[in-house]
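The values are calculated or read from the model by the stated rules, or taken from the named source; none is laboratory data. These numbers were taken from a predicted model, which means no experiment stands behind them. Here the Cβ positions follow ideal geometry from the backbone for every residue, glycine too, while neighbour counts run over all protein chains shown.
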Amino acid sequence: MNADMNMWGSWVEAKLNPPPAGQGKQFLRELRTMLKVNWKRAIWAVLLMTGFNFLSHGSQDLYPTYLQKTKLLSAPLSSKATIIANCGAIVGGIIAGYASQYTGRRLAIIGMLLFIACFIPLWIIPNTFGPLSAGAFFVQFGVQGAWGCVPIYLAESSPSAFRASFSGVAYQLGNMVVRKHSRLEREKERLTSSRTVQSSAAAQIEAKAGETLRVTVHGKNLPDYAKVQGILIGVVIVWTLFFVLVGPEAHGAHFEQARVAFETGAGKDVPEAHLDVSRDYEHEGEGQYDGKKMEMEQVERV
């Protein structure tokens, strides 16, 4: 009921206070300006998110199959190892995201990528449940630790007035590269009219490579998913590390200082321009910027 009332109230308010005429056209003009000014930043963001999506899907999608087919663990043990890995992901995301407030986003991400690289051997070499699950815990600690910094890093690195749409589209385009439907799944959907199941390109690459790279375990010739995943994640770490190193750092950008997207000149704003606004908003004798004053000035500009 409350949600319905809120929606009704928002609709009434929008009818009583319509946006100024021409605001949509101004938004589109500023959007075109933003893309002209930030096209290199846009390409960088998509390539960065391609790496991040390969990092997560490449280390997760085929993992239960890897444990059962290459390491010959039972289905219950592979499920337990996956749960342990997810626990590592939760802890890593919390710790790295919090630490990035002090270290900066890029340094936190770089630290997590190097952390993953250190634990790849423990992730793929052992043959028993204990060491394998420990390796999975630490690898996912690093993977989701790096991911824990991504939302705010993308927002801070995006053109200030378009930080929501810019970062969202960059993520989706990067994800589009990684996720696709396999031919088999599309055929299955056509024959059974079942709901589409998503399959990541990373998992398909690993499955295909497993047909070539083989290993003998207890006299059985099996796909060597351990080596395949180790190689893929190693390459992805290098890729992602490169784009993090060459990318911007706008840690501490004050979004409230930026123009809104339909304001004249908003398309030319860059996040680096809003890193140090405290000097303009200091209380006398207090050394802190006045957030309320800043908000009032933003409303007046609009």
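So is ARG183 over 30 Å from LEU35 (Cβ atoms), at pLDDT below 70 and not β-branched (Val, Ile, Thr) or not? The answer is yes for ARG183. Within the option set SER59, SER78, being assigned to a helix (DSSP H, G or I), in the same structural domain as LEU241 (by TED's automatic domain parsing) and in contact with a Pro (Cβ under 7 Å, 6 or more places away or on another chain) holds for one residue only, SER78.
Out of curiosity, is ALA3 exposed (fewer than 10 other Cβ atoms within 10 Å of the Cβ) and either at positive phi or modelled with pLDDT under 75 (or both)? In short, yes. Within the range 100-145, how many residues are more than 19 Å from the chain's Cα centre (by Cα) and at positive phi? Of the residues in that region, 0 qualify. Among residues of the range 85-111 that are under 20 Å from GLU249 (Cβ atoms), those with a beta-carbon under 8 Å from a residue that is among the charged types (D, E, K, R) and surrounded by 15 or more Cβ atoms within 10 Å (Cβ to Cβ) at least six positions away or on a different chain give the pairs GLY104/GLU249; ARG105/GLU156; ARG105/GLU249; ARG106/GLU249. Residues in the range 61-89 that are at pLDDT 90 or above and among the β-branched types (Val, Ile, Thr): THR82, ILE83, ILE84.
Taken over the range 127-174, the residue count meeting the criterion of being at pLDDT 85 or above and not in a helix (DSSP H, G or I) is 3.
Kindly indicate the residue of the range 62-74 that is in a helix (DSSP H, G or I) and hydroxyl-bearing (Ser, Thr, Tyr) and also farthest from ILE125 (Cα to Cα) among those meeting that condition. Quick ask: steps written out before the conclusion?
Just the residues of the range 62-74 that are in a helix (DSSP H, G or I), to begin with: 63-69.
Then drop every residue that is not hydroxyl-bearing (Ser, Thr, Tyr), which leaves 63, 65-66.
Details: TYR63: 14, THR65: 16, TYR66: 12 Å.
By that ranking, first place goes to THR65.
Is the range 35-53 home to any residue that is within 25 Å of VAL217 (Cα to Cα), surrounded by 18 or more Cβ atoms within 10 Å (Cβ to Cβ) and either in contact (Cβ under 8 Å) with a residue 24 or more places away in the chain or not assigned by TED's automatic domain parsing to the domain that holds ALA226 (or both)?
no
In the set LYS227, LYS220, LYS208, LYS188, which member is assigned by TED's automatic domain parsing to the domain that holds ALA42, at pLDDT below 65 and not β-branched (Val, Ile, Thr)?
Only one candidate passes the filter, namely LYS188.
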